[in-house]
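Laboratory data are not the source of any read-out in this text; all were calculated from the coordinates shown. These figures come from a predicted structure and were not determined experimentally. Positions of Cβ are backbone-derived with ideal geometry, glycine not excepted, and every protein chain shown enters the neighbour counts.
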Amino acid sequence: MLETVKYLIGAAGPSGYGSKSTAEEVTESCLDLRSITAIITGGSSGIGAETARVLAMRGARLVLPARNIKAAEDTKARIVAEFPESEILVMPLDLSSLSSVRNFVSEFESLGLPVNLLINNAGKFAHEHAISEDGIEISFATNHLGHFLLTQLLLNRMIETARNTGIQGRIVNVSSGIHGWFSGDTIRYLGLITRNKSHYDPTRAYALSKLANVLHAQELARRLKEMDANVTVNCVHPGVVRTRLTREREGLATDLAFFFASKLLKTIPQAAATTCYVATHPRLLNVSGKFFSDCNETSSAKLGSNLDEAARLWSASEIMVSGDPKAVFDPLNPLA
Ligand SMILES: NC(=O)c1ccc[n+]([C@@H]2O[C@H](COP(=O)([O-])OP(=O)(O)OC[C@H]3O[C@@H](n4cnc5c(N)ncnc54)[C@H](OP(=O)(O)O)[C@@H]3O)[C@@H](O)[C@H]2O)c1
């Protein structure tokens, strides 16, 4: 109850920020970002576009990998009109396709650019059941698997950049509070909805993919620490905001749901605040493997902080990105 009141009035938490803080406000005290190169997925609209705008405002060079190049170019044009010094590269990437992720990374590497920040923000809520070209349920393929492979392929470059510049690298996974709605066996449910349309529940599938974002950050944080890499990874819940995420569910029912929830909704600048805070704030130096909401550290759901589950999902994801994604659902596979 007290938490809801704090949320509604935007009371500041220990970080000094709260639910009503905006991305511009939380980056006011960040170091000059002119030496920073940031890759932001899903930067063409919604929370990602505002994240891109504010990081460009603070001087960061941006790479915006996008499926919809025209939308990303429009976002770039708006940012450049506001901040003419901005350096922004738009490059093709469809996160639901493992070969597209590989193509993006090889094209990016050919540019010889550093990477200080990776913001895994793109997201899809698939109202209709669909399977990716690699044979995996589409929300999981887009929200988790594409980002898992992207992060794996960019990791050495990030570690090297941090070593060469002395600036700690940061990875931010944009998850959702809805990750706590998933209960049950992650791999088993993914196998069910991948093989059989009749088991598909769009909200449960989306929640699973967002739980995977949390588990990914957990296991990656552990591995980065073990490697003694000067790179951190954290996960955020941006808050609830009306964006194009619900585009497949537009209609009267969605309008009514947003109307009745209007007091709980954030604006897009407020929804981009937690990502920007975690990506840039000097206070978060060396902070890794944590979950943030309303610009403050908080707990993820119980399953999201289960280290065994994080390790299990990591192993399954490695199999899924390595040639025969469906092998993970083979009953003889110990992960299944
Ligand atoms: N809105 C909320 O209330 C809310 C709440 C909690 C968490 N989130 C999370 O916040 C993040 C941003 O969502 P948003 O609300 O800003 O939604 P949005 O406006 O729909 O933005 C999503 C972005 O992801 C991109 N994307 C989707 N599928 C892609 C693919 N296959 N390959 C590459 N890019 C793809 C979209 O590009 P296209 O234009 O090509 O589709 C778009 O730029 C998501 O991870 C979402 O799960 C949102």
Value of D in µm² per second that Stokes-Einstein yields for the stretch 2-329, Kirkwood Rh from Cα pairs, at 4 °C (1.567 mPa s):
66 µm²/s
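I need the helices of the chain that pass two filters: whole DSSP H segments spanning 27 Å or more by Cα along the axis, and mean Kyte-Doolittle score no lower than 0.0. It would help to have the intermediate numbers written out before the result.
Details: long enough: 146-165 (28 Å, 0.07); 202-226 (36 Å, -0.43).
Result, helices passing both filters: 146-165.
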Which entries of 76/210; 210/290; 197/326; 124/302; 124/210 have Cα-Cα distances beyond 19 Å here?
76/210; 124/302
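Only counting other Cβ atoms within 10 Å, I'd like 91, 320 sorted with the fewest neighbours first.
Numbers: 91 16, 320 28.
Going from sparsest to densest Cβ surroundings: 91, 320.
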For the stretch 18-119, evaluate the Debye formula with one uniform point scatterer on each Cα (no solvent term) and list log10 I(q)/I(0) at q = 0.10, 0.11, 0.22 Å⁻¹, rounded to two decimals.
-0.27, -0.32, -1.18
Scan around residue 19 for amide H atoms under 5 Å from its own, H built in the peptide plane at 1.01 Å from N, and keep only partners 5 or more places away or cross-chain.
10, 11
In units of 2.2 N^0.38 Å, the Cα radius of gyration of the stretch 108-191 is 1.33
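Which order do peptides 196-204, 123-131, 229-237 fall in by mean Cβ count within 10 Å, highest first?
Working: 196-204: 13.2, 123-131: 17.8, 229-237: 24.3.
The peptides rank, most packed first, as 229-237, 123-131, 196-204.
Reported to two decimal places, what Rg/Rh ratio describes the stretch 195-336 when computed on Cα atoms with Rh from the Kirkwood expression? The partial results should precede the final answer.
On the way: Rg = 17.9 Å, Rh = 17.6 Å.
Across the stretch 195-336, the Cα-based Rg/Rh ratio is 1.02.
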